[in-house]
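The values are calculated or read from the model by the stated rules, or taken from the named source; none is laboratory data. Values in this document were obtained by computation on a predicted structure and should not be read as measured data. As a convention, Cβ positions derive from the backbone with ideal geometry for all residues, glycine included, and neighbour counts pool all protein chains shown.
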Amino acid sequence: MTEFRPRQFDLIAFDWDGTLFDSTAIITTCIQQAVVDVGGAMPTREAASYVIGMALMPALAHAAPDVPKDKYPQLGERYRHHYLVHQNDISLFEGVLPLLAELKARHHWLTVATGKSRAGLNEALHAVELRDVFDASRTADETAGKPSPLMLHELMREFGVSPERTLMIGDTTHDLQMALNAGCASVGVSYGAHEPDAFHALKPRHVAHSVADLHGWLLANA
């Protein structure tokens, strides 16, 4: 099978929210509402969106520094409540399905490395009928939150792929730092949670400004 694998990257790992799934605005609002629900000061949109991609509880704690630790379980429950109300309002970015289909036809291993919970990712995969598209996935609650490289280490070990043959794609500095920590290449997307000005210090191979831009770069370079 080796001779049929692509010339540059065997394994491509995608972040989920803000990279494949158009969920950044809703997640930001849910974080803001959850903090207010437990008596904290509403974080700014910038502060709430910064933590997207991190594991849930560290993200909420970072976004709500004035909320005492004994309220963290309630904070998490309120976030999940608001997210469940809006989860059916969220969809894949336009162009994602054709992109994934073409990459799969080129024999890349396609995986997901996300700060979502396993239950949350499984629900999303089922909802958008992507269960057979990805070869594997890792979530923060079963490994470690970003920017720990554990998710990527486990995915690489599963497929016997080296860091040099692995590409991480994400919309946050947490994603790109995780790739750097794992010794992998990365691509940033500017249409998600973080401003792309912060990406360059983390040395992504490319910053894509749309799914079409990402599609074109991957076909030419991956």
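General observations
- Of the residues making up the stretch 195-218, those that are under 20 Å from Phe21 (Cβ atoms) and among the small types (Gly, Ala, Ser) number 3.
- Residue within the stretch 184-192 that is surrounded by fewer than 19 Cβ atoms within 10 Å (Cβ to Cβ) and either more than 15 Å from the chain's Cα centre (by Cα) or at positive phi (or both) present: no
- Only one of the numbered conditions (1) under 20 Å from His108 (Cα atoms); (2) at pLDDT below 95; (3) of a type outside the set (Gly, Ala, Ser); (4) not in a helix (DSSP H, G or I) is not met by Leu219, and that is (4).
- Qualifying position, being assigned by TED's automatic domain parsing to the domain that holds Leu176 and of a type outside the set (S, T, N, Q), among Val51, Val96: Val96
- Inter-residue pairs, beta-carbon under 6 Å, first in the same structural domain as Leu155 (by TED's automatic domain parsing) and in the stretch 120-138, second in a loop (DSSP other than H, G, I, E, B) and modelled with pLDDT under 95, 6+ apart: Leu125/Arg131
- Contact map, the stretch 197-218: first residue closer than 17 Å to Tyr50 by Cβ, second residue modelled with pLDDT under 95 and not small (Gly, Ala, Ser), Cβ cut-off under 8 Å, separation 6 or more or different chains; pairs are Ala198/Thr173; Phe199/Thr173; Leu202/Thr173.
- Listed by position, the helices (runs of 4 or more DSSP H) enclosed by the stretch 7-106 that each have at least 3 residues that are of a type in the set (S, T, N, Q) are 24-37.
- Yes/no for Pro196 being in the same structural domain as Val161 (by TED's automatic domain parsing) and at pLDDT below 95: yes
- Under the condition of being free of Cβ contacts under 8 Å to residues at least 60 places away in the same chain and either acidic (Asp, Glu) or crowded, with 21+ Cβ neighbours inside 10 Å (or both), the residues counted in the stretch 28-58 number 10.
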